[in-house]
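Encoded as structure tokens, the structure appears first; notes follow it.
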Amino acid sequence: MPDRSALGPAAEPAGATPGGPVRVLVLLYGIFALAAGARATVQLSTRFAEAPTAYLLSALAAAVYVVATVGLVRGGRGGRWTALVAITVELVGVLVVGTLSLVDPDAFPDETVWSGYGRGYFYVPLVLPVLGLLTLRRRGTAR
Amino acid sequence: MTLPLVVATTVVAGVLTLLGLASTLAGRRIGLLHLSGAGLLEALLVLQAGIAAVAMAGGTTPADSPTFLGYLVGVLLVPVAGVLWARAEPSRWAGTVIAVAAATAGVMVWRLLQLWEATGA
């Protein structure tokens, strides 16, 4: 099928190289670590006084994404534990901040990554920890 | 930073996202189609950066210049990083890597347009 070969050579069979999904997860977390980190840096350095809570939350979110990324990259038992803790914090964070930002918008004059359950980022911040936990769970039981 | 260019970039990014997902579903790595798509995407992004640079040199600057420049330069790296990463990925998830990179670039150009239209005044 020529149209299929344009999609690339056949991949190695599943299981031959474990961790493909984890590497996709690493990519997603890496992007969010960069995006949240850059956003927090700009917010904190140029207009910290306007909305300190929101900007500190941005920085916290960035830190959590960085820790999760590092944990996923390192792998092994330690790495998985680190990632598991970071992703759990992330899930709690996005749920709590998302709820608070809708209940009490005045407390969040400027957007954070987690505002409105991550609506500014197409709800990826809400979906990402769920995907992360599912992937870690699958990998955990597979060993 | 014009709407037609952003729309064109989004279309290319969208097609590349679908191609990437198609590879993963077909159990394949990435091929010539993906490389051409990523090349076209990168060319559009470079064109966009050029247009923005010329406009900014001419005195039109967005209100939030640091963020704008961050996105403008950052988005250029996304397809390149996506291709390098996907080529190093031996499993069928290579396509998903390209898809994620393309979708990211597609979203970033809209954020760029938004930042550009908030011209400092």
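The values are calculated or read from the model by the stated rules, or taken from the named source; none is laboratory data. Quick caveat: nothing in here was measured; it's all calculated off a predicted structure. Because the Cβ atoms are built from the backbone with ideal geometry, glycine has one as well, and the counts that use them run over all protein chains shown.
Things worth noting here:
- Restricting attention to the range B:107-121, the residues that are surrounded by 21 or more Cβ atoms within 10 Å (Cβ to Cβ) and either at pLDDT 95 or above or among the basic types (Lys, Arg) (or both) add up to 0.
- Close pairs (9 angstrom Cβ cut-off, 6 or more residues apart or separate chains): at negative phi in the range B:10-29, aromatic (Phe, Trp, Tyr) anywhere: B:THR10/B:TRP110; B:THR24/B:TRP93
- Within the range B:44-60, the set of residues being in contact (Cβ under 8 Å) with a residue 40 or more places away in the chain and either within 16 Å of B:ALA105 (Cβ to Cβ) or facing another protein chain (nearest Cβ under 10 Å) (or both) comprises B:LEU45, B:LEU47, B:GLN48, B:ALA52.
- Scanning the range B:21-38 for residues that are within 17 Å of B:ALA81 (Cα to Cα), surrounded by fewer than 18 Cβ atoms within 10 Å (Cβ to Cβ) and more than 9 Å from every other protein chain (Cβ to nearest Cβ) yields B:LEU35, B:SER36.
- Any hit, the range B:61-68, residues being touching a residue at least 40 places away in the same chain (Cβ under 8 Å), more than 22 Å from A:LEU28 (Cβ to Cβ) and facing another protein chain (nearest Cβ under 9 Å): yes
- Checking A:LEU57, A:LEU72, A:LEU95 one by one, the residue that is touching a Ser or Thr at 6+ places or on another chain (Cβ under 7 Å) and assigned to a helix (DSSP H, G or I) is A:LEU57 and no other.
- Failed criterion for B:LEU41 (all others in (1) crowded, with 23+ Cβ neighbours inside 10 Å; (2) within 14 Å of chain A (Cβ to nearest Cβ) hold): (2)
- Hits in the range A:84-143 (condition: under 25 Å from A:GLY71 (Cβ atoms) and of a type in the set (Lys, Arg)): A:ARG137, A:ARG138, A:ARG139, A:ARG143
- Residues located in the range B:53-102, provided they are among the charged types (D, E, K, R) and touching a strand residue (DSSP E or B) at 6+ places or on another chain (Cβ under 8 Å): B:ARG92
- Counted residues, the range A:87-126 - those being over 11 Å from the mean Cα position of the chain (by Cα) and of a type in the set (A, V, I, L, M): 8
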